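Chemist: Sharing a structure with you now.
Any read-out appearing in this document is the output of simple, stated calculations on the displayed coordinates, not a laboratory observation. Here the structure is a predicted model, which is why all the values come from computation and not from measurement. Note that we place each Cβ from the backbone using ideal geometry, even for glycine, and neighbour counts take in every protein chain shown.
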Amino acid sequence: MSGIINTEGAHWEAQRRFTLRHLRDFGFGKTVMQDLILDEVKEVIEWMKKEEGNPVVVKRKFGLAVLNSLWTIVSGKRFSQDDARLQNLMNTLEQ
């Protein structure tokens, strides 16, 4: 299984079409998805404002925002980025 990353030619085109078709089913490219992403961006910006003047590591915060966006698309439920369940899921993915 090469997936969409390690393929080329006709197989790559088929994988790309498949992926885009299914992402669109979840709202990819629609206003609903934009609203979900904006919610995450707003939460990250608020967090950055609170941390003003302090050094911050944004990698995990951005990872949480992406994970939360994907989770919302798949399950229809959004977590606060401080939610322990989302934190545990992120920890599992990082391991």
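Chemist: What is the helix-to-structure angle for 58-75, meaning the angle in degrees between its Cα long axis and the longest Cα principal axis of the chain, kept from 0 to 90 and rounded to the nearest 10?
Modeler: 60
Chemist: How much mean residue ellipticity at 222 nm does the chain get from its helices, if each DSSP H run of length 4 or more adds -39500 (n - 2.57) and you divide by all residues, to the nearest 500 deg cm²/dmol?
Modeler: Here the helix-only value at 222 nm equals -23000 deg cm²/dmol.
Chemist: Pulled fully out, how much extra length does the chain show between Ala10 and Phe62, if you take 0.36 nm times their separation in residues and subtract their Cα-Cα distance?
Modeler: Using 0.36 nm per residue and subtracting the Cα-Cα distance, I get 15.3 nm.
Chemist: Pairing the Cα long axis of helix 31-50 with the longest principal axis of the chain, what angle in degrees results, from 0 to 90 and rounded to the nearest 10?
Modeler: 30
Chemist: A follow-up question, please. Please report, in debye to the nearest 20, how large the charge dipole of the chain is about its Cα centre when each Lys and Arg carries +1 at its beta carbon and each Asp and Glu carries -1 there.
Modeler: 220
Chemist: Now for a separate question. Sorted from largest to smallest, which semi-axis lengths in Å does the alpha carbon gyration tensor of segment 55-95 give for its equivalent ellipsoid, taking the root of 5 times each eigenvalue?
Modeler: Those come to 17, 11, 9 Å.
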